[in-house]
Amino acid sequence: MSKSTGIVKLALAVTLMAALAGCTPIYRNHGYAPTEEDLSEVAVGVDTRDTVADVIGPPTSSGVMRDGAWYYVSSRWQTRLYFAPEELDRQVVAVSFAEDGVVSNIERFTLEDGNVIVLNRRVTDDNIKGLTFIRQLLGNLGNFNPAQTLADRN
């Protein structure tokens, strides 16, 4: 009996460890944003695109319409069990350049600075606030004029 009890306890311990390991969050890091120490080596009004690329590296992306800024973007995500991934941190460093290629501004934005922008809406707003379907139908009864409909056909 004691040998089978030991096997059951061992199996229970292994099952418990596997269950606890499944609850461990998974972290993912994406992108690169320079640290404040790296940015302190870049002088506004002095450094150019080439010196910025040498000091902090090439950008993650640059301006879409014109090449007036470089953007360094990094984010940290956490996934737990079956829940959707959650973004814990986002850093966006924007290095702006004047027309002659000299650094004009350096800004850092975090997740708290961001705004949610809906890129694709699959719901059409109706612009009708507080009107029921019946009220809309009854409201259109006085607007219908059969003479206008017959005059349009001639």
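The values are calculated or read from the model by the stated rules, or taken from the named source; none is laboratory data. As the structure is a computational prediction, the values presented were derived from the model and not from experiment. Note that we place each Cβ from the backbone using ideal geometry, even for glycine, and neighbour counts take in every protein chain shown. In case anyone asks, the SASA skips ligands and DNA or RNA and just uses the protein heavy atoms, side chains included. Shrake-Rupley method; radii C 1.70, N 1.55, O 1.52, S 1.80 Å.
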Problem set entry | Search result, residues across the range 1-25 that are open to solvent by 100 Å² or more (accessible area, probe 1.4 Å) and of a type in the set (A, V, I, L, M) | Met1, Ile7, Leu10, Leu12, Leu16, Met17, Leu20
Problem set entry | Selection within the range 26-40 - farther than 10 Å from Arg76 by Cα, surrounded by 12 or more Cβ atoms within 10 Å (Cβ to Cβ) and in contact with a Phe, Trp or Tyr (Cβ under 9 Å, 6 or more places away or on another chain) | Tyr32, Ala33, Pro34
For this session: For Trp70, work out the one condition from (1) aromatic (Phe, Trp, Tyr); (2) in contact (Cβ under 8 Å) with a residue 40 or more places away in the chain; (3) open to solvent by less than 50 Å² (accessible area, probe 1.4 Å) it doesn't fulfil.
Result: (2)
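Residue by residue, here is whether (1) outside any strand (DSSP E or B); (2) touching a strand residue (DSSP E or B) at 6+ places or on another chain (Cβ under 8 Å); (3) surrounded by fewer than 16 Cβ atoms within 10 Å (Cβ to Cβ) holds:
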residue: Gln78; (1), (2), (3): no, yes, yes
residue: Leu81; (1), (2), (3): yes, no, yes
residue: Asp89; (1), (2), (3): no, yes, yes
residue: Ala94; (1), (2), (3): no, yes, no
residue: Ser104; (1), (2), (3): no, yes, yes
residue: Glu112; (1), (2), (3): yes, no, yes
For this session: Confirm whether Val44 is of a type in the set (A, V, I, L, M) and open to solvent by 50 Å² or more (accessible area, probe 1.4 Å).
Result: yes
